[in-house]
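> Input: one structure, supplied below.
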Amino acid sequence: MTCSVDRLAARRDGGFFGQARTPTRLLSRAQPRALTRARGSALVIALILLFVLTLLATTSMGMSTAELFMAGNEMFHRRASDASAAGVEAAIARFVATPVARGAAPLWVGPVSVGQSTVDRYTTVTRYSGTESGLPQSSAEKLVGLHFEIDSVGESARNATDEQVQGVMVLSGLDGVATFRRMADGLDGATP
């Protein structure tokens, strides 16, 4: 019995009399499975990296599109600001070209296109604010300052708007004095 027990043990251990049997079949079957598992994990890692790179590319494209839109908005706001400034300059030029009177009604002008553009325009409102007498450097108080406020709103594309308010003082003669002449001690008014 000992002999049959030893043989069974030897077969189970892989050989007779303590000899180790080489598991050639086990190695050949185990190697392809390990390689298949490695290939499968490499595929998963590659797909994850591809997903991350695609996500980064999509995000950067969205950010660059948003930056272009913001730059366009900034440009249109600048154009609206330029249109508003042009409205202020045009209103000041009207003061030089036409005489003004105390208590004048508000003057609305616009919308007026700026240059060749059909999109950039301004609207101005000129209001009389008050009279200032006793101006510095005014001899004999023959001059008064008529204060006006110019409110100019410039518009451009994408609803870009800019509002500028400018105060203007126009020197005028006091009580109908139209002409002045120089004297040794200051200005003296002549009656009209």
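The values are calculated or read from the model by the stated rules, or taken from the named source; none is laboratory data. Keep in mind that this is a model prediction, so the values were computed, not measured. Ideal geometry is used to build each Cβ from the backbone, glycine not excepted, and the neighbour counts take in all protein chains shown.
> When you go through (1) more than 38 Å from the chain's Cα centre (by Cα); (2) at pLDDT 90 or above one by one for Gly40, which number turns out not to apply?
Among (1) more than 38 Å from the chain's Cα centre (by Cα); (2) at pLDDT 90 or above, the lone unmet condition for Gly40 is (2).
> Can you find a residue that is under 17 Å from Val165 (Cβ atoms), of a type outside the set (A, V, I, L, M, F, W, C) and exposed (fewer than 14 other Cβ atoms within 10 Å of the Cβ) anywhere in segment 62-73?
no
> What residue, of Ser113, Ser172, Ser152, is within 27 Å of Arg78 (Cα to Cα), modelled with pLDDT under 90 and of a type in the set (S, T, N, Q)? Step through it out loud before you land on a result.
On the way: Ser172 fails: within 27 Å of Arg78 (Cα to Cα); Ser152 fails: modelled with pLDDT under 90.
Of Ser113, Ser172, Ser152, the one residue that is within 27 Å of Arg78 (Cα to Cα), modelled with pLDDT under 90 and of a type in the set (S, T, N, Q) is Ser113.
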